[in-house]
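Heads up, the thing below is written out as structure tokens.
The values are calculated or read from the model by the stated rules, or taken from the named source; none is laboratory data. If you're wondering where the values come from, they're calculated on a predicted model, not measured in any experiment. Cβ placement follows ideal geometry from the backbone for every residue including glycine, while neighbour counts extend to all protein chains displayed. Just so you know, the surface numbers come from the protein's heavy atoms only, side chains and all, with ligands and any DNA or RNA stripped out. Shrake-Rupley method; radii C 1.70, N 1.55, O 1.52, S 1.80 Å.
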Amino acid sequence: SGTGTERGALWRFGRYSTGTLMASNLLRSSDTLLLGALLGPAAVVAYHVPQRIVELIEMPIRSTVMASVPKLAALFARDPDEMARNFQKTAGRLWVLLLPLSVGCFLLAEPLVVWLGGVGYRESAGLLRIFMVYTALMPLERYGGIGLDAVRQPRLNLVKVALMLAVNVAGDLVALLGFHSVTGVALASIGTFLTGLGLGYFWLGKKAPVTLSGTMRSGLGEVRSFVNRDWAVR
């Protein structure tokens, strides 16, 4: 049954994790809710077509990131330095593996949105290109969030997501009320993800020797090692 202290810690973690989940769902739906309320359903559909591609890319990121939490938490309890090395290796590897997919979607944005929505949504290609800018950073941002959970800082993860939500809503309102721009709503998402990226690694770095630049270098190093091994075999 555990001690009172353990139950209290579990309760606090669950409370913050539930809040993070709710804030994440609001963040995911805030764009379309505001677009529908202020510009109407046509704007929502134009926005939703490229968003479907983002959701397809997000699925393997979400499953991979969540599967890493138990291992990272166990490593942190044993050795924060070892946890940092594993974190930077796995997060960097996922970022490098999915980066070509984001680049490919950026370059092929027009045929992709036409394939999904038809020729009437050709103009949504510009939105997809904007989405691919922050999608290229999504594995790093998501790992920053679960890293906070792994180092026993679920409250900071909740604060991070709440601030991302605030930045996103503020950016959306400026774009919609000031410029009546669907493109502006997409651009606000870049600021939202940069906010989450910066806060996640800033707070995580206070608990474990993890840095954003180190994570990116680790991912690139993994690719170089793989290429060198491949050439050695040949």
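Between the stretch 210-229 and the stretch 38-83, the alpha-carbon centres lie 21 Å apart. For the chain, what does the relative contact order come out to in percent, with C-alpha contacts under 8 Å and a separation of six or more? After rounding, I find 29 percent.
In terms of packing, defined here as the mean over residues of other Cβ atoms within 10 angstrom, the peptides 185-191, 65-71 line up highest first as 185-191, 65-71. Label positions at residue 170 and residue 123, each projected 7 Å from the Cα along the C-beta direction, are separated by 3.0 nm. Within the listed set 145, 36, 120, the residue fluctuating most in the Gaussian network model of the chain (springs between alpha-carbon atoms under 10 angstrom) is 120. Once the C-beta distance of residue 213 and residue 115 is scaled by a Förster radius of 30 Å, the resulting FRET efficiency is 0.25 to the nearest 0.05. The calculated FRET efficiency for residue 22 paired with residue 229, based on their beta-carbon distance and R0 = 45 Å, is about 0.55. Can you send over the carbon and sulfur percentage of the accessible area for the chain, probe radius 1.4 Å, protein chains only? Percent of accessible area from carbon and sulfur atoms in the chain: 67. Between residue 155 and residue 79, full extension at 0.36 nm per residue minus the direct alpha carbon distance yields a gain of 25.2 nm.
Residue by residue, the stretch 20-34 carries 3J(HN,Hα) couplings of 4, 4, 5, 5, 5, 5, 5, 4, 5, 9, 5, 4, 5, 4, 6 Hz when phi is fed to the Karplus relation 6.51 cos²θ - 1.76 cosθ + 1.60 (θ = phi - 60°); x denotes Gly or Pro. Three principal axis extents describe the C-alpha atoms of the stretch 27-143; from largest down they are 55, 30, 17 Å. This model, with +1 at the C-beta of Lys and Arg and -1 at the C-beta of Asp and Glu, gives the chain a dipole about its Cα centre of some 700 debye. Rounded to the nearest Hz, the phi-derived 3J(HN,Hα) couplings of the stretch 55-72 under the Karplus curve 6.51 cos²θ - 1.76 cosθ + 1.60 (θ = phi - 60°) are 5, 5, 6, 5, 4, x, 5, 4, 5, 5, 5, 5, 5, 7, 4, x, 5, 5, where x marks glycine and proline. Summary value for the stretch 166-234: 20 percent relative contact order, contacts being C-alpha pairs under 8 angstrom separated by 6+ residues.
So I have (i) 40, 18, 17; (ii) 49, 18, 15; (iii) 33, 25, 13, and one of them is semi-axes √(5λ) of the Cα gyration tensor in Å calculated from this model. Which one is it? Evaluating semi-axes √(5λ) of the Cα gyration tensor in Å on these atoms matches (iii). Among 119, 182, the sequence by solvent-accessible area, most first, with a 1.4 Å probe is 119, 182. For residue 106, the solvent-accessible surface with a 1.4 Å probe is about 80 Å², rounded to the nearest 10.
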